[in-house]
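This report refers to the structure that appears directly beneath it.
The values are calculated or read from the model by the stated rules, or taken from the named source; none is laboratory data. Keep in mind it's a predicted model, so treat the numbers as computed, not measured. So basically every Cβ, Gly included, is an ideal-geometry build from the backbone, and we count neighbours across all protein chains shown. For the accessible areas, the whole protein counts, side chains as well, though only heavy atoms, and no ligand, DNA or RNA atoms are used. Shrake-Rupley method; radii C 1.70, N 1.55, O 1.52, S 1.80 Å.
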Amino acid sequence: MKTKKHIKMKSKLTLATSLIALSIMSFAFTSIVQKTKPWPVPEKNAKTPNPVKADKESLATGKSLWNLHCASCHGKTGLGDGSKAAQLKTQPQDLTTSSLQSQSDGSLFYKISEGRDDMPSFKKKISDPEDLWSVVNYMRTLKKS
Amino acid sequence: MKLKINIGKRLLTTSVCLAACLFLMQTTAFAQDTTAAAKDAVIPAKAKPVKNTFQSIWIIDNQTVMVPVKGTFEMDIQHRFGTVNNGYSDFWGLYASSNIRIGVDYAPINNLYLGLGFEKYNEIWDGSAKYALIKQTRGISPVSITYYGNLSLDTRKDPTNSLFTHYTDRILSFNEIIIARKFSDKFSVQISPSITHQNAVPGYLTKNDSTGRTIFEEMKHDHFAISVAGRYKLGDATALLIDYDQPLTKEPTNNPNPNLSFGFEFSTSGHTFQLFMGNYSLLNPGKNALFNTNNPFDYTQTGGTKVKGGKFLIGFNITRLWN
C-alpha cells in the first residue's frame, strides 16, 4: 500500500516536473522567436553610404563609445554577453556573426540610431552622426575572423 | 570670529598662477590648433566642437562646462556624509547626519539647461540656468565658456521672523563663468570665477546715539571665489576628479574656508556615479562659497588660535540621463 502511494506520488511529481519543463521551454522558444524578429530598414537608410573613413581616429572613437554605451549589453567583444544582457527581455544580438556583418553600414547606423524594444535609440545619447558612423566602423572589427 | 588664514594669500597666488598658466596654455594650444588646421586644410570637413570635455554636469561640488543636448532630462541625487574626524564612532561620518539634494534638469533648447532642486539642510529650493556661450573648436576657440546661475530660497519656517526680517532675505544668488579646455582625450581642466550675493548679512550697531548710528556688517553682500577642477580619464568609463575652491573676498568676520575635493567617476550610457572626499558639506554653490566651515588645511585664527584642518567628508553624486 505504502509502495503504491509512493509510486502514485512519484508519477505526480514527474508530471509536475514535465509541465514546468514544458512551460520553461515554451518561454525559451518565445524568446528565440523574439530574438529573430525581423528588423526592416527603409531602403533609403540601408543604402546610405558611410561618410566616415574607418581610420585609426574613427576606430578609437568607436571603441570608446562602444565601451561606454554598448558593451554592457552586447559584451566587450560583441557576442551579446554583456553584464546586463541577462536582465533584458530580448537577447542582445551577437554582432560577430556573418549574418549581422553582411548588413550594410547604413542598416547598422539606422538600427543604432532608432533603436527598438530593449535596444535604446542612440541619436541623442551620441548626438553627432559621425560618432555613430564610427561605432559602425568599430563594429566591423568585431567580425569573427 | 575673524579668521586669519595664513595660507590664504599663498592659495590665492597659486590660483591666480594656475589661471594664468591655463590661459597661456590655451593661447599656445590655439596656435598649435591653427597650425594643425592649416595642415589639414585639404580636408573640407568643417571643424566641430570638442565633445565630452567632462562626462557629467557635475565635477564633485561644482558645475562643469557641459550642457547636454536638447531634450535631455536628468535626475541628480547628491549625498554628503559627516566629517571623517570622529572615526569609528560614526564610521568615519557614514552614520553621521548627512545632507541630501535631489534635483532635476532639462534642456528645452540646444545649449541651455534648466534645473530645479531641493536640499535637506535649511530646506533650500534652488533654480538654475546654464548656457553654453562658446565651445572649444579647433581653429575657432581654444576654450569652452559656459555661464551658470543659481538662485536659492531658504524655506525654513520662521513664524517670529527671527531668522529673516524680510522674505527677500531668504534669497541667495550665485553666478559664475566656467572656462574649460579639453587638452587631450584623457585630460580636461576648468576654471570658474564666481560671485555670490546675499541680500541680508548679520550685523550689529557699534554706535547708536543722537549723532547717528553705525552698523557693523559681519560679512559683505558680494563674495568672489574661484574654482579650479580637473579630470583625468583612466579608461572609457572611469576617471579621476579633483576640485579646489578658493574664497577671494576678505570678509570682516566669518571668512569661509577653501575646499579641496578629489575622487573617482564611473560612467555608463545613462548614469554617472562620482564618489569622493571633500570639505564642502552643503549642496548649494552659493552657500558653500559663503559658509564652508571645514578647512582642508591647518590655519591660525586672528587671536592666534591654531585650528586643525583635515575636515574631510565622504560624498557621492549620481546622475541619471534620459535622452
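Restricting the range B:246-260 to residues that are of a type outside the set (S, T, N, Q) and open to solvent by 10 Å² or more (accessible area, probe 1.4 Å), the residue that is farthest from the other protein chains (Cβ to nearest Cβ) is B:Pro252. On the basis of being surrounded by 15 or more Cβ atoms within 10 Å (Cβ to Cβ), aliphatic (A, V, I, L, M), in contact with a helix residue (DSSP H, G or I) (Cβ under 7 Å, 6 or more places away or on another chain) and assigned by TED's automatic domain parsing to the domain that holds A:Lys124, does A:Leu79 make the cut? No: the conditions fail for A:Leu79. Of all residues in the range B:91-115, which are in a loop (DSSP other than H, G, I, E, B), out of contact with any His (no Cβ under 8 Å at 6 or more places or on another chain) and open to solvent by 10 Å² or more (accessible area, probe 1.4 Å)? The answer is B:Phe91, B:Trp92, B:Leu94, B:Tyr95, B:Ala96, B:Ser97, B:Pro108, B:Ile109, B:Asn110, B:Asn111.
Filtered by the rule that a residue be away from every other protein chain (no Cβ under 14 Å), crowded, with 20+ Cβ neighbours inside 10 Å and of a type in the set (Gly, Ala, Ser), the range B:261-315 gives B:Ser261, B:Gly263, B:Gly278, B:Ser281, B:Gly286, B:Ala289, B:Gly315. Being outside any strand (DSSP E or B) and either more than 18 Å from B:Ala229 (Cα to Cα) or open to solvent by 40 Å² or more (accessible area, probe 1.4 Å) (or both) is the filter here, so list the residues in the range B:43-65 that pass it. The answer is B:Ile43, B:Pro44, B:Ala45, B:Lys46, B:Ala47, B:Lys48, B:Val50, B:Lys51, B:Asn52, B:Gln55. Figure legend. Inter-residue proximity from the range A:103-120: first residues more than 22 Å from A:Pro49 (Cβ to Cβ), second residues of a type in the set (A, V, I, L, M), beta-carbon distance below 6 Å, spacing 6+ or different chains. Indicated pairs: A:Asp118/A:Leu88. Can you find a residue in the range B:223-237 that is of a type in the set (Asp, Glu), surrounded by 20 or more Cβ atoms within 10 Å (Cβ to Cβ) and within 14 Å of chain A (Cβ to nearest Cβ)? No: the range B:223-237 contains no residue that is of a type in the set (Asp, Glu), surrounded by 20 or more Cβ atoms within 10 Å (Cβ to Cβ) and within 14 Å of chain A (Cβ to nearest Cβ). Taking the range A:49-145 and the helices (runs of 4 or more DSSP H) fully enclosed by it, the elements with 3 or more residues that are of a type in the set (S, T, N, Q), more than 15 Å from the chain's Cα centre (by Cα) and within 14 Å of another protein chain (Cβ to nearest Cβ) are at A:56-65.
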